[in-house]
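Each value in this text was obtained by applying a stated rule to the coordinates, not by laboratory testing. Not measured: the values here are computed from a predicted model. Glycine gets a Cβ as well: all are built from the backbone with ideal geometry, and neighbour counts include every protein chain shown.
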Amino acid sequence: MGDMTEASPVDNFTTIAPTTTIDSPRLDADRRDSKRVLLAAPRGYCAGVDRAVETVEKALEKHGAPLYVRKEIVHNKHVVKTLEERGVIFVDQTTEVPEGANVVFSAHGVSPQVHLEAKQLNLKTFDATCPLVTKVHNEVKRFAKQGYQIILIGHHGHEEVEGTAGEAPDVVHLVDGQEDVDALEFPEGTKLIWLSQTTLSVDETMRTVKLLHEKFPQLETPPSDDICYATQNRQVAVKAIAPQVELMIVVGSQNSSNSKRLVEVALQHGTKESYLVDYAEQVDPSWFDGVTSVGVTSGASVPELLVRGVLELLAEHGFSSIEEVTTATEDLVFSLPRELRPARNAS
């Protein structure tokens, strides 16, 4: 993964054995007397983000700079800045890429129209779309062919839903909560099925699904969940920690959907205060007033070194005892795009 990762952030701190139960009890009274950190696991990079960033790094190694990337490769300021320093040029539209150049499509996926634009410009493309996003794209194409109207639960303007809806724009209807559900109307007997953006809050999504089922009893549920495993795992870890801490710090960028959901989940499950920061420098020391327990986690596009920075800052304010709360183990790895995989030795 190049120079964006470091050793475990707990290496230089006092650590306590990980907790493996999801329904962890509240801290005992005698344990609340000392300042402590509950560190969520899993956190940070998921397999899709790891693949996307490595796709850019390998393309740079193979083809050199400049290398163009359509949109942010992942929604993280530090990752984008680091890659820019290595010669990556981020653009908003495919048409901004010079004819014949090399371009990477981001982890959030693109529509068929974008692929067509790239072909017309004779661009050499590297598709870093997360395979779990590709799965939703394939579902849209399959259900559209089967005559369904597709209700896509997601956030307006998010790159992922723009790419997903672009697979069948005439039959995809985006909803983001009660107001959008109320506005939907279909003729009687219409075949309906719902899909979702991969980075949503599980609880929020199911509330929207409930509203949809109440209005459209014939609505069908897809055969498998669209919200990615990493998004769900990070939310479960936050749910385990939230009742035990007074403050939750989520490391992630403001345009990261899954990071913002972690802040919301923490507040919904017992944390009094929860904040989203890109860097330790954005943490306000006044947040620590009267606080003895802090939870720390990070979104799925966040390098571990940024978590280390927050832990170091916390240690400077007396929060040097870290307990890692583990609710799942992740070992999934996605292959790089075929054109960037190591060549097999002939034998």
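Let me have the relative contact order for the chain, percent, based on Cα pairs under 8 Å that are six or more residues apart.
On the way: 663 pairs, mean separation 99.5, N = 347.
Worked out over the chain, it gives 29 percent.
For K135, give me every one of the lysines with a C-alpha distance below 20 angstrom, ignoring sequence neighbours fewer than eight places off in its own chain.
The qualifying lysines are K145.
Against the empirical 2.2 N^0.38 Å scaling, what ratio does the C-alpha Rg of the chain come to?
Taking the Cα Rg and dividing by 2.2 N^0.38 Å, one obtains 1.06.
Taking only DSSP H segments of four or more residues, each worth -39500 (n - 2.57), what value at 222 nm results for the chain once the sum is divided by all its residues, to the nearest 500 deg cm²/dmol?
The helix-only estimate for the chain comes to -10000 deg cm²/dmol at 222 nm.
At most 12 other Cβ atoms within 10 Å and a DSSP loop assignment: could you name the chymotrypsin sites (Phe, Trp or Tyr not before Pro) in the range 139-194 that fit?
Working: sites: F143, Y148, W194; in loops: Y148.
Of the chymotrypsin sites (Phe, Trp or Tyr not before Pro), not one in the loops of the range 139-194 has a Cβ with at most 12 other Cβ atoms within 10 Å.
With θ set to phi - 60°, apply the Karplus curve 6.51 cos²θ - 1.76 cosθ + 1.60 along the range 213-218 and write out the HN-Hα couplings as whole Hz, x wherever there is a Gly or Pro.
Taking θ as phi minus 60°, the curve returns 5, 5, 8, 10, x, 7 Hz for the range 213-218.
From the cross-link list K81/K272; K62/K124; K215/K239, which pairs have alpha carbons spaced over 21 Å apart? Mind dumping the intermediate values first?
Values: K81/K272 32 Å; K62/K124 13 Å; K215/K239 30 Å.
Correct reply: K81/K272; K215/K239.
Along the principal axes of its C-alpha atoms, what lengths does the range 239-347 span, in descending order and rounded to whole Å?
Ordered largest first, the range 239-347 gives principal extents of 66, 28, 27 Å.
Would you grab the residues whose amide H sits under 5 Å from the one on I89? Only those 5+ places off in sequence or on another chain, please, with H modelled 1.01 Å from N.
Counting only residues 5 or more places away or on other chains, the set is L67, Y68, V69.
Running Debye on the range 47-130 with equal point scatterers at the Cα sites and no solvent, what base-10 log of I(q)/I(0) appears at q = 0.15, 0.24, 0.27 Å⁻¹?
Those come out to -0.45, -1.20, -1.49, one per q.
Beta carbons within 10 angstrom, averaged per residue: use that to sort the peptides 197-203, 85-91, highest first. All intermediate terms of the calculation are to be shown ahead of the outcome.
Working: 197-203: 23.0, 85-91: 14.0.
Highest-to-lowest ranking by the protection proxy: 197-203, 85-91.
Per-residue HN-Hα couplings for the range 304-320, Karplus 6.51 cos²θ - 1.76 cosθ + 1.60 at θ = phi - 60°, whole Hz, x for Gly and Pro?
Here the 3J(HN,Hα) series is 5, 4, 6, 5, 4, x, 5, 5, 5, 5, 4, 4, 5, 9, x, 8, 9 Hz.
Can you work out ³J(HN,Hα) from phi for every residue in the range 279-289, in order, using Karplus 6.51 cos²θ - 1.76 cosθ + 1.60 and θ = phi - 60°, giving whole Hz and x for Gly and Pro?
9, 4, 4, 8, 6, 8, x, 5, 4, 7, 4
For the range 132-226, what is the Kirkwood estimate of the hydrodynamic radius, computed as the reciprocal of the mean inverse distance between distinct Cα atoms, to one decimal in Å?
That comes to 13.1 Å for the range 132-226.
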